[in-house]
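A quick write-up on the structure given underneath.
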Amino acid sequence: MNVGIMVSSQTPQAGGGFTFEDEILEAFFRLRSELPHQFFLVGYPRERPAHLDHTGLTWLSLHRSRALRRKQKLSRLWRKLGRKLKLSQEAPSLDFESYPDLQKQPLDLICYLTPLIRPVADIPYITTVWDLEHRFQPYFPEVSVRGEWESRERRCREIFARAAYILTPNNRGKKEIATYYGIDEMRIRTLAHPTPGFALREGARVGEARSLGHLGIKGDYLYPAQFWPHKNHPCLLLALKILKENHGYQPQLVLTGSDKGNRGHVERLVRDYGLQDQVLFTGFVSREDLTSLYRQASALVYSSFGGPENLPPLEAFALGCPVIASSIPGALEQLADAAILVDGAKPELWAEAILRLRKDDALKKELIARGKKRAAFYTSDHFVRDLFAIFDEFAPIRRCWP
């Protein structure tokens, strides 16, 4: 088969989404010779992005000139009018035929690695779902306001209904898709988030982490999360307040990540709780600095209400950083016994977990060892080979038509 791999327009500032796609594309490049299928990169830019040049894979652009888009729009309107007037018409062109590159190089299947990208409808496709938070937790503004809920719901219904397969990280995600949208579970496949390769490589490296003096960090606890409401930063701030007032312990909390509209709220809470000397906002940091933060931190404190899987705990595992994470649905399936799981609604329990980890060196060493084992269990290579198996499964079906 000719298989297209859809490349999104994400940048490193997108966080885990960019990391996931970048790692999977690298694994495709390494392993593509294991299958007889031909692989192509697909995206909206006219030219292949420079960071993918080394793959040598042919780039198929979905770009259409303004004149071509106008012509196709008029054609659709004419066909619609013709149907109303019952005029004799030629059969309409297939959807993919409106893209010049796909006319020159037809594809048998397109795999969309990132969620909710509207597919080229007349080509069979595999879509990806990381979460259905707009259904599970519809009250968070990032999934509900300014038409966001309606937009997500419309795209989910449209995309899931026609997908050949739907990829989701774990059984919790599979249950949500089947329950909310009535999709046959045979079309829903669980492929876990792989541990990022950069974290595994750096975790295996011997030597000290690089200095973080330029960030003003002494480094106690780390939370790398973009500033969305569902990331639940207030829980950690309240835990710090409890530790300070009840136990005389004043660790530093390092908050990395881009502002998605909620950083101002978090900064106000820091002032209200009197934690200005304990909380450091770094903004987006480079991968090199993030790696050093993991390696030097006493623990990753991942209080997010979002799931059912998250990448930062896997990065922390690989880099020898103990993890305290929210006990959201799906967390136990992803993290097993390699993390301390805590209710994200109860900051007093987070304070207890932080103290417990601080005082119990044996527990800390055990969590690091379990985390290393968990990190190595499922990598980008495992993910891509599981995806290859799905391609092979679909190939006998696709050969039934030209």
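The values are calculated or read from the model by the stated rules, or taken from the named source; none is laboratory data. The model shown is predicted, which means the values in this text are computed figures rather than measured ones. Note: ideal-geometry Cβ built from the backbone for every residue, glycine included; neighbour counts use all protein chains shown. Ligands, DNA and RNA are excluded from the accessible area calculation, which covers all protein heavy atoms including side chains. Shrake-Rupley method; radii C 1.70, N 1.55, O 1.52, S 1.80 Å.
Just a few scattered comments:
- Where a residue in segment 100-114 is assigned to a strand (DSSP E or B) and its partner, wherever it lies, is open to solvent by 40 Å² or more (accessible area, probe 1.4 Å) and modelled with pLDDT of 90 or more, with Cβ under 6 Å and at least six apart: LEU109/MET1
- Only residues that are open to solvent by 30 Å² or more (accessible area, probe 1.4 Å), over 14 Å from ALA239 (Cα atoms) and either at pLDDT 90 or above or aliphatic (A, V, I, L, M) (or both) were counted across segment 273-287, and they come to 5.
- Test: residue in segment 323-330 that is modelled with pLDDT of 95 or more, touching a His at 6+ places or on another chain (Cβ under 9 Å) and either assigned to a loop (DSSP other than H, G, I, E, B) or open to solvent by less than 10 Å² (accessible area, probe 1.4 Å) (or both): no
- Of residues in segment 121-158 being among the small types (Gly, Ala, Ser) and free of Cβ contacts under 8 Å to residues at least 24 places away in the same chain, the one surrounded by the most Cβ atoms within 10 Å (Cβ to Cβ): SER144
- Residue pairs whose Cβ atoms lie under 6 Å apart, separated by 6 or more positions or on different chains, with the first residue in segment 31-52 and closer than 17 Å to CYS111 by Cβ and the second of a type in the set (D, E, K, R) and open to solvent by less than 100 Å² (accessible area, probe 1.4 Å), are PHE39/ARG32.
- Segment 162-204: number of residues that are under 22 Å from PRO119 (Cα atoms) and free of Cβ contacts under 8 Å to residues at least 12 places away in the same chain: 5
- Top-ranked residue in segment 22-70 [being open to solvent by 50 Å² or more (accessible area, probe 1.4 Å), closer than 16 Å to PRO100 by Cα and touching a Ser or Thr at 6+ places or on another chain (Cβ under 9 Å); ranked as modelled with the lowest pLDDT]: ARG69
- Scan of segment 324-338 for residues that are among the hydrophobic types (A, V, I, L, M, F, W, C) and under 17 Å from PRO194 (Cα atoms), ordered by number: ALA331, LEU332, LEU335, ALA336, ALA338
- Only listed residue being without any contact (Cβ under 8 Å) to a residue 60 or more places away in the chain, closer than 15 Å to PRO229 by Cα and out of contact with any helix residue (DSSP H, G or I) (no Cβ under 8 Å at 6 or more places or on another chain), chosen from GLU245, GLU267: GLU267
- Per-region count, segment 210-250, residues of a type in the set (S, T, N, Q) and in a helix (DSSP H, G or I): 1
Results for (1) surrounded by fewer than 22 Cβ atoms within 10 Å (Cβ to Cβ); (2) modelled with pLDDT of 95 or more; (3) more than 23 Å from the chain's Cα centre (by Cα), shown as yes or no for each residue.
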position: PHE160; (1), (2), (3): yes, yes, no
position: ALA163; (1), (2), (3): yes, yes, no
position: LYS174; (1), (2), (3): yes, yes, no
position: ILE183; (1), (2), (3): yes, yes, no
position: GLY216; (1), (2), (3): yes, no, yes
position: GLY219; (1), (2), (3): yes, no, yes
position: ALA225; (1), (2), (3): no, no, no
